[in-house]
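The values are calculated or read from the model by the stated rules, or taken from the named source; none is laboratory data. Just so it is clear, the structure is predicted and the values come from calculations on it, not from any experiment. Quick reminder, even Gly has a Cβ in these numbers, built from the backbone with ideal geometry, and neighbours come from all protein chains shown. Accessible surface is based on the protein model in full, side chains and every heavy atom, while ligands, DNA and RNA are left aside. Shrake-Rupley method; radii C 1.70, N 1.55, O 1.52, S 1.80 Å.
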Amino acid sequence: MRSISTGQTKTIRREQLKEIVPLADTTIYEMERRGEFPSRFYLTSRCVVWDLAEVEAWLETRKRASKQKAITRAPMPDVQLRKNRPVRQK
């Protein structure tokens, strides 16, 4: 993986971030907005990067939270409420 080195801080661009964190861009942006994901910053007016150490720390935190069952999973949809393709009664 190619990263941009600035002194001690290693930064990654969007393409590398997507390789490390397999989330959609909109999910990452929403999580950033809510303060749940490391914030990106601009190196130039067109170059956006993330701090690699912050992203790796976030992943480790999520891994620990998952192991401790601290992350609640999305509820299963109630198929009885579907309007299209209603469930057949046996």
Kirkwood Rh, angstrom, the chain [1 / mean 1/r, Cα pairs]:
15.9 Å
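Using Cα-Cα distances under 8 Å and only pairs 6 or more residues apart, what relative contact order does the chain have, in percent?
Over the chain, the number comes to 22 percent.
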Averaging 1/r across every pair of distinct alpha carbons in the range 39-90 and inverting yields a Kirkwood hydrodynamic radius, in angstrom, of 15.4 Å
If the chain between residue 36 and residue 14 were fully extended at 0.36 nm per residue, the gain over the current Cα-Cα distance would be 6.2 nm
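Go through 12, 20 and list them by solvent-accessible area, largest first, probe radius 1.4 Å.
Most to least solvent-accessible, the answer reads 20, 12.
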Ignoring ligands, DNA and RNA, how do 11, 44 rank by accessible area with a 1.4 Å probe, largest first?
44, 11
Where labels lie 7 Å past Cα in the beta-carbon direction, separation of residue 83 and residue 47 in nm
4.9 nm
Once 71, 28 are ranked on solvent-accessible area with the largest value leading and a 1.4 Å probe, the list reads 71, 28
